[in-house]
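Heads up: the structure comes next, in C-alpha cells.
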Ligand SMILES: [Ca+2]
Ligand SMILES: [Ca+2]
C-alpha cells in the first residue's frame, strides 16, 4: 500500500495542513514513510523508503529503475 504524508502544524492552537507529500515512484511495499527526520528549522523533511527498488545512487537518480530489490531510498522535501 502506498503511504501518503500529511504535514500538520499547530497554528494558533489549531492544527492546519501544511503539505501533502507523496513519493513519485512508490510501489507496493516500498515502505515510504518508514522513517522520517525533520530539520531544526522545520523546512526540510527527509522520508525514508526502506524497500524502494531503484539502483540509483546520489541525488536525482533514475526514479524508474526497479533493478535492485529493496535497495532503499531517501526523499528530501523542502518548503
Ligand atoms: Ca519504487
Ligand atoms: Ca519495493
Note down the Stokes-Einstein diffusion coefficient of region 5-78 in µm²/s, whole number, using a Kirkwood radius over alpha carbon pairs, 4 °C, and 1.567 mPa s.
-> 97 µm²/s
Rounded to the nearest 0.05, what FRET efficiency is calculated for residue 56 and residue 79 with R0 set to 25 Å and r the Cβ-Cβ distance?
-> 0.55
Listed highest first by mean packing, meaning other Cβ atoms within 10 Å per residue, what order do 48-60, 16-28 come in?
-> 48-60, 16-28
GNM flexibility winner over the chain from 41, 65, 30 (Cα, springs under 10 Å) = 41
Taking 7 Å along the Cα-to-C-beta vector as the label spot, tell me the residue 17-residue 69 distance in nanometres, rounded to one decimal.
-> 3.6 nm
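Rule-based calculations on the coordinates, nothing more; no lab input. Computed from a predicted model, the values in this text were never measured in an experiment. Virtual Cβ from ideal backbone geometry, glycine too; neighbours counted across all protein chains shown.
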